[in-house]
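As structure tokens, the structure follows; a few thoughts come after it.
Read the figures in this text as sums done on the coordinates, not as results from a lab. For clarity, every value in this text was computed on a predicted model and none was experimentally measured. As a convention, Cβ positions derive from the backbone with ideal geometry for all residues, glycine included, and neighbour counts pool all protein chains shown.
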Amino acid sequence: MAGSFGVKPLGEATWPDFARLVERHNGVWGGCWCMAFHPEGVGRGKTAAQNQAAKAGRVREGQAHAALVYDGATCVGWCQFGSPDELPRIKNQRDYRNGLTGLPDWRITCFFVDKTYRRQGVTSAALNGALDEIARLGGGMVESYPEDVAGRSVSGSFLHSGTVSLFERHGFERARRIGKNRWVVTRVVRGNGL
């Protein structure tokens with residue numbers, strides 16, 4: 001079924017589709033609106049409405065990137081990506097900084113899939129779409145922080161960062177461990193120009 005999905009970049013034209021998906025899931029993870037990795041973050045008294053407004057503002061300003069996955073006209077998932085400046089609030093910061101030799105050009109920080117579309121290839125389609133959009137935007141070193149779930153039983157709804165095996169299937173390599181089960185994975189994406 002994964003071959004039947006379309007992918008579009010998040011932007012002003014696709015914002016309504018993204019917003020409908022988030023609203024169908026009560027703001028996603030307690031009203032995050034996919035703001036947790038942006039400089040503003042979530043929590044500290046911020047409401048879902050404030051997160052929604054902040055995300056809409058970032059989209060208008062071109063400071064929020066995601067590959068949105070569609071089943072026909074319905075947005076059913078996404079993969080968020082951006083520069084380290086756009087997405088500085090990654091998890092496991094102390095361990096991440098311990099082995100840091102340089103920042104990547106791009107980070108892939110999270111995925112979300114509509115609850116009725118899980119385990120149907122949406123995450124893989126979203127990752128492909130993000131890598132295609134990164135190539136269109138000039139390419140470079142791409143980094144992500146998935147979990148190694150080999151030999152563990154983990155609910156897919158909690159794997160917002162994806163799995164190591166997903167990234168390895170898309171050409172990423174493990175660079176270093178930054179948590180008990182979390183890895184930095186990297187891949188160079190060639191740019192295909194704007």
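Data overview
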| item | result |
| --- | --- |
| Gain in span if fully extended, residue 169 to residue 83, counting 0.36 nm per residue against the direct Cα distance | 28.7 nm |
| Cα-based shape type of the range 9-109, given that a ≥ b ≥ c are square roots of the gyration tensor eigenvalues and the cut on a/c is 1.5 | prolate |
| Among 118, 89, 97, residue whose mean-square fluctuation peaks in a GNM of the chain (springs only between Cα atoms under 10 Å) | 97 |
| Reachable lysines from residue 91, criterion Cα separation under 21 angstrom, eight or more residues apart if same chain | 46, 55, 180 |
| Cut-off under 5 Å, modelled amide H: who pairs with residue 110 long-range | 80 |
| Prolate/oblate/rounded call for the chain, Cα gyration tensor, a/c under 1.5 rounded | rounded |
| In sequence order, calculated HN-Hα J values of the range 69-74 (Karplus, 6.51, -1.76, 1.60; Hz; x Gly/Pro) | 9, 10, 10, x, 8, 9 |
| Extension reserve of the residue 93-residue 4 stretch, reckoned as 0.36 nm per residue once the Cα distance is removed | 28.3 nm |
| Other-chain or far-sequence residues with amide H under 5 Å of residue 65's (modelled H) | 81 |
| The chain: most fluctuating residue of 92, 128, 51 per GNM, C-alpha cutoff 10 Å | 92 |
| Likely footprinting exposure, 134, 108, 178, fewest C-beta neighbours within 10 Å first | 178, 134, 108 |
| Among beta bridges that DSSP assigns inside the chain, antiparallel share in %, nearest 5 | 90 percent |
| Net dipole in debye of the range 2-190 [+1 Lys, Arg Cβ; -1 Asp, Glu Cβ; about Cα centre; nearest 20] | 580 debye |
| Fluctuation leader among 136, 58, 94 - the chain, Gaussian network, Cα springs under 10 angstrom | 94 |
| Derived scalar couplings ³J(HN,Hα) [the range 107-112; Karplus, 6.51 cos²θ - 1.76 cosθ + 1.60; whole Hz; x for Gly, Pro] | 10, 10, 10, 7, 10, 9 |
